[in-house]
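Participant: Quick one: this structure, given as structure tokens, is what I'll be asking you about.
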Amino acid sequence: MGEKTGAILIRGARQLLTLRGPKGPRRRPEVNDLGVIPDGAVLIRGGLVEEVGPTRRVENLAAARGALEIDASGRVVLPGLVDSHTHLFYPPPGERGASDAGAAAAVRSSSAWLLQARLQGFLNAMVQHGTTTLEVKTGCGPDVGMETKALRVVSGLGWSAMDVMATFLLRVPEDAAEVEVARIVTEAAPRIYRRGTARFADIYWDNRPARHDLYARYLEMAVASGLAFKLHVEGPGCAAAMALAVGHRATSVDHLEHMSLEQTDLLANARTVATLLPAAALFGAGPVAPARALIESGAAVAVASNFNSHLTPVFSMQTVMALACEEMALTPEEAISAATINGAHALGAAERIGSLEPGKDADLLLLNTDDYREAGRYVGANLVHITMKRGRCVYREGGVEKRPRA
């Protein structure tokens, strides 16, 4: 029947989490409102959400006649998870603790096909654990050839079972002379922008005032080239980075483990999303970011995995949500908002993903639980029964299928 009408009806969900709300990212108090519909249903057509609401109402719509039905009885249905900060590409999979030179050599010597094949297993695992949209950074170093290759590989991952967004992450060597930094920023980076394969520009922010004007120029050139930008702030000296991010309307500012409580007000009610990485502290990468203070200040908070096959090998956003609740004192509602709608805002994509509303992509999960709060409790468990990407089942407690080319 579904083949004839092109419609899918997911019905009888114990809890349907729509995440419906304001157009902007969720803040206090709406961050705790998940738009829960008991005994909810979702009608999907053409890969988009056509209607959401109580099952009795949605199943009786004329548009639902002949739809392929999926029984969600006893389960939670919610938007697909958005992982808005990963280092999936670099360093490449291999021996943990390998030198940067060794990691760079592995990228240079491997074909794009081989690099993509090595990453596919991680992508499949992420889909199985509920991720439907993923950001991937480069960060190979100021080498135009390697960065171009990295962006080509990441862009090629877009035909997997999820959407993949590429970020050019500029990583300036700590010992680089200032004249070399200027050359990288003004010559090398623009050459990469012109390739047109990146969605975002990002930069490792360091606490060196002499470089800050150059970093600002780098981001301004990125915006002039049509890229949105992010800031990678994982060390001390957050204030200057915050001023730049908010003043230039950065899409997100990430890490923030060294942000002081006093500095959290810098992001209060700002358009810029604070993307926090609960798993980083688990592997000794630094202190825990002040998530509770950020939320209380009125900042928009997203959470992401910081996946790095060497340093943060966590591909499950369910684990990230559980760590956000345990280590950062987020409520389950805040963690879910941070991993869905606010993650979508951290990628500038909330107009089409992050919530279940008519007209948006039908990216959603069916969980093997009847209470959404369970999603913030388990570390390492997988509650996903079905992952859907644009209305297509890409995981059903089994293998992952690729979406066909358009």
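Participant: What is the magnitude of the charge dipole of the chain about its Cα centre, with +1 placed on the Cβ of each Lys and Arg, -1 on the Cβ of each Asp and Glu, and no other charges, expressed in debye to the nearest 20?
Facilitator: Working: 43 positive and 44 negative charges, 277 e Å.
Computed about the Cα centre, the dipole is about 1320 debye.
Participant: Can you compute the modelled spin-label distance between R403 and V36, with each label point 7 Å from Cα toward Cβ, in nm?
Facilitator: Distance between label points: 3.0 nm.
Participant: Post the alpha-carbon centroid distance, the range 1-72 to the range 75-127, in whole angstrom.
Facilitator: Between the Cα centre of the range 1-72 and that of the range 75-127, the gap is 33 Å.
Participant: Would you mind computing, in nm to one decimal, how far apart the modelled labels at V179 and S111 are, each placed 7 Å from Cα along Cα→Cβ?
Facilitator: Spacing of the two 7 Å Cα→Cβ label points: 4.2 nm.
Participant: Compute the angle between helix 100-109 and the longest alpha-carbon principal axis of the chain, please, reported from 0 to 90 degrees and rounded to the nearest 10.
Facilitator: Taking the Cα atoms of the chain, the angle to 100-109 is about 70 degrees.
Participant: Using the structure shown, select from K360/K402; K230/K402; K23/K389; K23/K230; K137/K402; K23/K149 the pairs with a Cα to Cα distance greater than 25 angstrom. Walk me through the numbers on the way to the answer.
Facilitator: Details: K360/K402 20 Å; K230/K402 29 Å; K23/K389 22 Å; K23/K230 20 Å; K137/K402 22 Å; K23/K149 36 Å.
Violating the 25 Å limit, Cα to Cα: K230/K402; K23/K149.
Participant: Compute the angle between helix 209-224 and the longest alpha-carbon principal axis of the chain, please, reported from 0 to 90 degrees and rounded to the nearest 10.
Facilitator: With rounding to tens, the tilt is 50 degrees.
Participant: Give me the angle, in degrees from 0 to 90, between the Cα long axis of helix 238-247 and the longest principal axis of the Cα atoms of the chain, rounded to the nearest 10.
Facilitator: Result, in degrees: 60.
Participant: Quote the convex hull volume per residue of the chain, based on C-alpha atoms, as a whole number of Å³. Intermediate values should be presented prior to the final figure.
Facilitator: Values: hull volume 51.2 nm³, N = 406.
It is 126 Å³ per residue.
Participant: Also: How big is the C-alpha Rg of the range 267-330 next to the rule-of-thumb value 2.2 N^0.38 Å, as a ratio?
Facilitator: Working: Rg = 11.7 Å, N = 64, 2.2 N^0.38 = 10.7 Å.
My calculation over the Cα atoms of the range 267-330 gives 1.10.
Participant: Sticking with this one: Give the residue list of trypsin sites (Lys or Arg not before Pro) in the range 17-114 that are DSSP loop and have at most 11 other beta-carbon atoms within 10 angstrom.
Facilitator: Working: sites: R20, K23, R26, R27, R45, R56, R57, R65, R75, R96, R108; in loops: R20, K23, R26, R27, R65, R75, R96.
Here the sparse-neighbourhood loop sites are K23, R96.
Participant: Please report the antiparallel percentage of DSSP beta bridges with both residues in the chain, rounded to the nearest 5. Before the final figure, lay out each step's value.
Facilitator: Details: 29 of 61 bridges.
Roughly 50 percent of the DSSP beta bridges within the chain come out antiparallel.
Participant: Also, quick follow-up: Of P332, A346, L277, which is farthest along the charge dipole of the chain in the positive direction, counting Lys and Arg as +1 and Asp and Glu as -1 at C-beta?
Facilitator: Most positive-ward Cα: A346.
Participant: Mind ordering 35-41, 338-344, 142-148 by average Cβ neighbours within 10 Å, highest first? Please list the in-between numbers first.
Facilitator: Values: 35-41: 19.0, 338-344: 31.3, 142-148: 17.3.
Listed from highest to lowest mean packing, they are 338-344, 35-41, 142-148.
Participant: Post the alpha-carbon centroid distance, the range 164-222 to the range 376-406, in whole angstrom.
Facilitator: Centre-to-centre (Cα) distance: 35 Å.
Participant: Just the Cα atoms of the range 27-137: what Rg and Dmax do they give in Å?
Facilitator: Cα-based Rg and Dmax for the range 27-137 come out at 21.0, 62 Å.
Participant: In percent, what relative contact order does the range 1-69 have, based on Cα pairs under 8 Å that are 6 or more apart in sequence?
Facilitator: Values: 124 pairs, mean separation 30.1, N = 69.
Relative contact order here is 44 percent.
Participant: Moving to a separate point now. Length gain on complete extension for the stretch A210 to D370, per 0.36 nm per residue less the alpha carbon to alpha carbon distance? Please report the intermediate quantities before stating the final value.
Facilitator: Working: separation 160, 0.36 × 160 = 57.60 nm, distance 5.44 nm.
Here the segment from A210 to D370 would lengthen by 52.2 nm.
Participant: Pairs of Cα atoms under 8 Å, at least six residues apart: use those to get the relative contact order of the chain, whole percent.
Facilitator: Values: 991 pairs, mean separation 87.7, N = 406.
Relative contact order of the chain: 22 percent.
No value in this document is a laboratory result; all are computed from the given coordinates. Note that the structure is predicted; figures quoted are calculated from it, not measured. Using ideal geometry, Cβ is built from the backbone for each residue, glycine included, and neighbour counts are taken over all protein chains shown.
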